[in-house]
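Right, one structure below, let's go through it.
The values are calculated or read from the model by the stated rules, or taken from the named source; none is laboratory data. Bear in mind the structure is a predicted one, so any value in this text is a computation, not a measurement. Virtual Cβ from ideal backbone geometry, glycine too; neighbours counted across all protein chains shown.
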Amino acid sequence: MEKPMATIQELRSNLAAAVKKARASNLPEDHAAAKAAGLAVAAAISAGAKPCPKCEAAPHGMVQQVSVGRDILEAFDVGCLACHNHCARGFTPELAVDAWNRGVDAYADEAAFDDKGSLVIVPAGWRKPR
């Protein structure tokens with residue numbers, strides 16, 4: 001399933017605009033608009049992801065800032081909000097969804113990114129890919 005980054009960036013811009021617009025005088029409506037915008041971003045990131053294998057809940061998409069060496073990059077997470085510390089990560093939403101659907105867990109053993117930006121699990125004692 002194709003998820004153009006422009007669409008996700010547009011949804012994130014809508015979320016930022018909704019949060020910036022929120023005022024105390026109109027809080028219930030503004031909160032609902034910001035929440036809906038945030039859920040639209042999450043749905044766009046996690047589109048095509050299978051339900052959680054542990055609890056069958058729908059997965060949630062997130063954007064995280066991660067450090068890779070000396071660089072701070074955006075990474076996309078697809079995870080379960082009901083299961084503690086259960087997610088998959090990739091440098092694109094497609095890679096995160098693919099890792100999630102394959103059962104890769106960013107919190108199991110030791111996680112590392114390969115040269116294509118996919119999260120791989122490195123069993124304890126093995127070296128991380130360079």
Handout entry: Residue selected from the range 1-24 under the condition part of a loop (DSSP other than H, G, I, E, B) and among the charged types (D, E, K, R), by the criterion modelled with the highest pLDDT
Key = Arg23
Problem - Filtered residues of the range 28-42 (kept if over 14 Å from Thr92 (Cα atoms) and either aromatic (Phe, Trp, Tyr) or under 13 Å from the mean Cα position of the chain (by Cα) (or both)) - result: Gly38, Leu39, Ala40
Completion exercise
Per the list (1) polar (S, T, N, Q); (2) modelled with pLDDT under 85; (3) within 14 Å of Arg89 (Cα to Cα), residue check on Gln64 breaks on (2)
Completion exercise
A careful count of residues in the range 63-93 that are closer than 21 Å to Ala6 by Cβ and surrounded by fewer than 19 Cβ atoms within 10 Å (Cβ to Cβ) gives 7
